[in-house]
Amino acid sequence: MTIIAIGGAEDKTGGMTVLKRVLAEAGAASPRVLVITTATGYPEEVAEKYRDAFARLNVAPDIRHITTKAEADAPASIASLKNYDVVFFSGGDQEKLSAAFGGTAFLAALAAREAEGAVVAGTSAGAAAMSQLMITGGDPRKALKPGGLGLGEGLSFTPDIVFDTHFNQRHRLKRLFGAAAADSRKVGVGLDEDTGVVIKNGNYEVVGKGRVTVLKDGVVTRHKHGDSFSL
């Protein structure tokens, strides 16, 4: 059972530390990868970038751009999930992910595959959508004011965590505090660019060049590559 949430802008041409870790967690010599580009408004461009990136790692991913619940729940779409070791959600707009997958049989089948050992990963919007309480937008400078933070229903792979992405690059700490104000039971996790957190069996490990910022019970901690922590 492995979830990997990435803060966006992961390296796709150099050392590719984060993407290498995504593949390594699959535990297969030649992992089978599905990239879902639903969140983006530029699916062909994003598909090409991930084809090129994974090709550098000797993997030829399948790419799917699912836009509706009906498309997600097509029997062939659900059945195909058994073919993949990694399901990877690209960036874009996280609300497109919740609109296409929320409450679907596809989402339930993906959760079952994750329980069986498949890796579910997402970057930027794909990471934000992992939350149950999902940040959908908002100016960080206004996030603590009434109506200043957009919140919605995510895909609930991490029901106790609220993710925010591009975190230090876009100065989004106040957005995590805003989410905590909306639901104090949630732990806020901010992900820098080219940085991910690997969630496995209740353990959290940081991978990548930036930091993972954790907001729990009003206390902020920061963790770097190789750090492990629990919540």
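Since every read-out is calculated from the coordinates, none of them should be taken as a lab result. These numbers come from a predicted model, not from an experiment. As a convention, Cβ positions derive from the backbone with ideal geometry for all residues, glycine included, and neighbour counts pool all protein chains shown.
Quote the relative contact order of the chain in percent (integer), defining contacts as alpha-carbon pairs under 8 Å separated by 6+ residues. Once divided by the residue count of the chain, the mean separation gives 22 percent. Taking Lys and Arg as +1 and Asp and Glu as -1, the other residues whose beta-carbon sits under 11 Å from that of Thr13 total 0.
Helix 43-55 axis versus longest C-alpha principal axis of the chain: approximately 70°, rounded to the nearest ten. The order of Leu149, Leu81, Leu231, going from fewest to most other C-beta atoms within 10 Å of their C-beta, is Leu231, Leu81, Leu149. Neighbour counts of C-beta atoms inside 10 Å place Ser228, Ser124 in the sequence Ser228, Ser124, starting with the fewest.
Relative to the longest principal axis of the Cα atoms of the chain, the long axis of helix 105-116 makes an angle of roughly 90 degrees. Our coupling estimate for segment 140-146, obtained by passing each phi through the Karplus curve with A = 6.51, B = -1.76, C = 1.60 and θ = phi - 60°, is x, 5, 10, 5, 9, 9, x Hz, Gly and Pro reported as x. Using amide H atoms built in the peptide plane, which far-off residues or other-chain residues are under 5 Å from Thr38 H to H? Residues meeting the amide H criterion: Ile66, Ser90. Counting Lys and Arg as +1 and Asp and Glu as -1, what is the net charge of the other residues whose Cβ lies under 15 Å from the Cβ of Thr195? So the surrounding residues net to +1. Among the listed pairs Lys12/Lys216; Lys12/Lys209; Lys142/Lys174; Lys145/Lys174, a Cα-Cα separation exceeding 20 Å is found for Lys12/Lys216.
The length gained by stretching the chain between Lys224 and Tyr42 to full extension, at 0.36 nm per residue less their Cα-Cα distance, is 62.4 nm. The structure shown yields Rg and Dmax of the Cα atoms in Å, and of the options (i) 20.1, 62; (ii) 20.6, 70; (iii) 16.4, 50 that calculated value carries the label (iii).
Using the Karplus relation 6.51 cos²θ - 1.76 cosθ + 1.60 with θ = phi - 60°, the per-residue 3J(HN,Hα) values for segment 11-19 come to 4, 10, 9, x, x, 6, 4, 6, 5 Hz, with x marking Gly and Pro. Local charge for Val22 was computed over the other residues whose Cβ lies under 14 Å away, with Lys and Arg +1 and Asp and Glu -1, and equals -1. Once the chain from Ala111 to Met1 is taken as fully extended at 0.36 nm per residue, the excess over their C-alpha distance is 38.7 nm.
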